[in-house]
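To keep things clear, I will list the structure first and then write my remarks on it.
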Amino acid sequence: MGEPAFVHQAVLLSLVLFAIGALGVFLRRNVITVLMCIELMLNGANLAFVAFSRAAGTLDGQVLVFFVMVVAAAEASVGLAIVIALHRHKDTLDVDAFNVMKG
Amino acid sequence: MDQALFYAAAALAVVGALVVIGQKNPIYSAFALIVTLCSLSVIFGLLGSPFIAALQVIVYAGAIMVLFLFVLMLLNVKREEDVPGHGGRAMAGVAVVLVALLAGQAGYVLWNTTLAPAPAFDASTRRMSEILFSPHFLYVFEATSILILAALVGAVALAKKDA
């Protein structure tokens with residue numbers, strides 16, 4: 001295929017997305033928004049996998065992206081179930097409210 | 001043409017990501033995240049990975065984000081309270097500095113490496129399935145089905161009324 005590939009730019013974009021997601025995990029106070037920021041970080045990693053797979057010319061990176069998506073789906077379902085249980089017990093979604101296990 | 005499409009999708013992805021962390025209302029964050037995921041799908045397509053691009057829309061923008069929106073609406077989430085938490089602004093500053101440090105280091109390395117696309121690259125769905133079901137990845141693939149089943153049972157058990 002003669003298309004121009006944007007491997008380098010894609011890797012830099014993945015870094016930007018990962019950084020934004022990491023920032024969100026630290027700055028947001030809503031548990032669900034924090035989970036969404038984790039999804040953002042996972043997508044940044046996925047983009048890096050795809051770009052490196054394009055650079056290497058092998059498909060192993062793409063298979064890893066597939067598995068990351070599967071694990072992300074499992075993580076999101078269990079995480080959101082935990083959020084529902086937390087909301088039932090504390091009636092809030094503020095991360096600072098869930099500090100029972102604080103040492 | 002491809003160039004313009006790539007930069008448009010990249011800009012849309014970054015703007016969507018910024019809206020995700022800049023929004024007080026989590027529903028808007030979820031919709032902005034869907035925008036980011038769909039632009040990423042465009043970029044996957046431009047990188048020659050149609051299978052991953054399709055999965056991105058179906059699994060991420062479809063299934064996972066519907067789950068998020070479902071929970072957001074089930075719990076009737078209001079805007080985030082504006083009270084600064086324990087640690088408050090100092091912790092936020094530390095977080096910003098740490099993430100900037102990480103991004104700076106990784107960005108420095110990545111900026112100075114040259115990444116050229118491989119000359120021959122075939123990531124068609126046929127090739128993907130051949131690799132996914134080759135002996136190399138077959139057992140991992142089967143293990144993911146157990147993982148999904150465990151997640152399913154775990155989610156039901158956790159979200160049950162009298163858990």
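The values are calculated or read from the model by the stated rules, or taken from the named source; none is laboratory data. Note that the structure is a prediction, hence the values are computed from the model and not measured. Cβ atoms come from the backbone with ideal geometry, glycine included; neighbour counts cover every protein chain shown.
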Inset, instruction - List the helices (runs of 4 or more DSSP H) that sit entirely inside the stretch A:4-103 and contain at least 3 residues that are among the β-branched types (Val, Ile, Thr) and touching a residue at least 24 places away in the same chain (Cβ under 8 Å). - result: A:7-27, A:31-56
Inset, instruction - State the number of residues belonging to the stretch B:1-29 that are of a type in the set (S, T, N, Q) and more than 7 Å from every other protein chain (Cβ to nearest Cβ). - result: 2
Inset, instruction - Please work out if B:Ala54 is surrounded by fewer than 18 Cβ atoms within 10 Å (Cβ to Cβ) and at pLDDT 90 or above. - result: yes
Inset, instruction - Looking at (1) aliphatic (A, V, I, L, M); (2) within 13 Å of the chain's Cα centre (by Cα); (3) facing chain B (nearest Cβ under 7 Å), find the lone condition where A:Ala51 falls short. - result: (2)
